[in-house]
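**Student:** Pasting a structure below so you can have a look.
The values are calculated or read from the model by the stated rules, or taken from the named source; none is laboratory data. Here the structure is a predicted model, which is why all the values come from computation and not from measurement. Cβ: placed from backbone, ideal geometry, glycine included. Neighbour counts: every protein chain shown. With ligands, DNA and RNA removed, areas are computed over all heavy atoms of the protein, side chains included. Shrake-Rupley method; radii C 1.70, N 1.55, O 1.52, S 1.80 Å.
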Amino acid sequence: MNYSPVSAWMLDYFYKFATGTFKSGMNSEQVSGVFNNLMASPVEMIIWLAIIVVFGFFVCSRGLQKGIEKVSKVMMVALLALIIILAINSMMLSNAGEGLSFYLVPDFGKVKDVGLGKVITSAMSQAFFTLGLGIASMEIFGSYMNKDRTLYGEAVQICALDTFVAIVAGLIIFPACFSFGVQPDQGPALIFVTLPNVFVNMTGGRIWGTLFFLFMTFASFSTVIAVFENLVAFLTDTFGMSRTKASIINGIIMFFACLPCIFGFNIWSDFNILGKGVLDLEDFVVSNLLLPIGAMVYLLFCTTKFGWGFDNYFEECNTGKGLKLSRVLKPYLKYALPVLIVIVFVQGFIG
């Protein structure tokens, strides 16, 4: 409900770079104005949302190998190559050193002001979110794996790749912030303000911007597909529906469920609960409720006698070739990790 519209923004920006809305030499105010105009136009956002929802459930209706795997594989490799090139370009900008210092040099004074515990739990919350652990967007694909590779080994690779992409993304964004006078604390809008500033001020920027937002569309789209696949699998497994029927039903529900998020930026901009707008409220529910609670359910299912049990989990986790989970971690998984999840959950409300 809150991520599908963001994927729609990516697609919209791909279109705008491809058609020349972003022009060489635009200043920061003009670039910001493009995003502000998008947020003020519910019709424009709804059109791009409809494309994302329809195409997303169409891919899911085709199945895993014919749909999801085909769409994702090539584009993800291209995205990795492109972000490395963009990072190199960003680090060559005029004030890149200041941005890199802000990004990579720890400021222990600010850590003290915020609180070390808050910093750690915020990082843990981000880990939950970026991997989608508690809402099954990662688990659904693990359930489709064959027995050739260990789940533990694949999980380590996924975490390593996710961390690499996050670090490189920072190398793109923060040097650009300080080079073009953009505040680095703009939150989700940062990618729609900072990076376009980079593209419109670099040689061949329109081409690079078009390619980047094309690949970012696919990157966000892969997350959307993961969530959509859970919805489709629920109806096919529980009620025996065909993938086509399940995709149509879920597509209709999802489209209308996303509208409050879109309206929250314009016609419902006065909506406020606990100081949060629609997108912030939905993000809070996902990040602070669904992710930690869902992760706890999975954890207890895998490690206690009330669910799968640790021995069954251990055997399944280590089936196949690759890194093996050590039994030494059993006390950590059964006792320490639940406590950490509870801390993250509580911190989300008091932080």
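**Student:** With every protein chain left in place and a probe of 1.4 Å, what is the accessible surface of V227, to the nearest 10 Å²?
**Tutor:** Approximately 50 Å² for this residue.
**Student:** Rounded if a/c is under 1.5, else prolate if a/b is larger than b/c, else oblate: which is region 64-188, with a ≥ b ≥ c the root eigenvalues of its Cα gyration tensor?
**Tutor:** Working: a/c = 2.75, a/b = 1.50, b/c = 1.83.
Taking the square roots of the gyration eigenvalues as a ≥ b ≥ c, region 64-188 is oblate.
**Student:** What does the C-alpha gyration tensor say about the overall shape of region 23-105? Classify as rounded when a/c is under 1.5, otherwise prolate if a/b is larger than b/c, or oblate.
**Tutor:** Numbers: a/c = 3.13, a/b = 1.38, b/c = 2.27.
It comes out oblate by the Cα gyration axes.
**Student:** When the accessible area of the chain is split by element with a 1.4 Å probe, what percent falls to carbon and sulfur?
**Tutor:** On the chain, the fraction of accessible area on carbon and sulfur atoms equals 68 percent.
**Student:** Among W9, W48, W268, W208, what's the order by accessible area (1.4 angstrom probe), most exposed first?
**Tutor:** Working: W9 10, W48 40, W268 115, W208 75 Å².
Putting W9, W48, W268, W208 in descending order of accessible area: W268, W208, W48, W9.
**Student:** Given a Förster distance of 30 angstrom, what is the FRET efficiency for F234 paired with Y15, based on the Cβ-Cβ distance and rounded to 0.05?
**Tutor:** On the way: r = 32 Å, r/R0 = 1.08.
Between F234 and Y15 the formula returns 0.40.
**Student:** If you don't mind, there's one more thing I want to ask. Nearest 10 degrees, 0 to 90: what angle lies between the long axis of helix 70-90 and the longest principal axis of the chain (Cα atoms)?
**Tutor:** Result, in degrees: 50.
**Student:** Simple spin-label model, 7 Å along Cα-to-Cβ: T130 to E316 in nm?
**Tutor:** With each label placed 7 Å out from Cα toward Cβ, I get 2.7 nm.
**Student:** Provide the solvent-accessible area of Y313, counting protein heavy atoms only and rolling a 1.4 Å probe, rounded to the nearest 10 Å².
**Tutor:** 50 Å²
**Student:** Let me ask something else. When a/c is below 1.5 the answer is rounded, else prolate if a/b is larger than b/c, else oblate, so apply that to region 245-351 with a ≥ b ≥ c taken from the square roots of the Cα gyration tensor eigenvalues. Display every interim value, and only then the final one.
**Tutor:** On the way: a/c = 3.58, a/b = 1.80, b/c = 1.99.
Oblate is the answer for region 245-351, as a/c is 1.5 or above yet b/c matches or exceeds a/b.
**Student:** Pulled fully out, how much extra length does the chain show between S24 and F58, if you take 0.36 nm times their separation in residues and subtract their Cα-Cα distance? All intermediate terms of the calculation are to be shown ahead of the outcome.
**Tutor:** Numbers: separation 34, 0.36 × 34 = 12.24 nm, distance 3.63 nm.
Result: 8.6 nm gained on full extension.
**Student:** Let me ask something else. Multiply the residue gap between I84 and I158 by 0.36 nm, knock off their C-alpha separation, and tell me the result in nm, one decimal place.
**Tutor:** On the way: separation 74, 0.36 × 74 = 26.64 nm, distance 1.81 nm.
Once the chain is fully extended between I84 and I158, it gains 24.8 nm.
**Student:** Compute the acute angle (0 to 90°) between the alpha-carbon long axis of helix 337-350 and the principal axis of greatest extent of the alpha-carbon atoms of the chain; round to the nearest 10°.
**Tutor:** Helix 337-350 and the main axis of the chain meet at about 40 degrees.
**Student:** Under 5 Å between amide hydrogens, which residues at least 5 positions from R149 or on another chain qualify, with H placed 1.01 Å from N in the peptide plane?
**Tutor:** Amide H to amide H, under 5 Å and 5 or more residues apart or across chains, R149 pairs with K321.
**Student:** Keeping all protein chains in the complex and leaving out DNA, RNA and ligands, what accessible area do you get for S41 with a 1.4 Å probe, in Å² to the nearest 10?
**Tutor:** So the heavy atoms of S41 present about 30 Å² to solvent.
**Student:** Same structure again: What order do S4, S94 take when sorted by accessible area (1.4 Å probe), most exposed first?
**Tutor:** Result, largest first: S94, S4.
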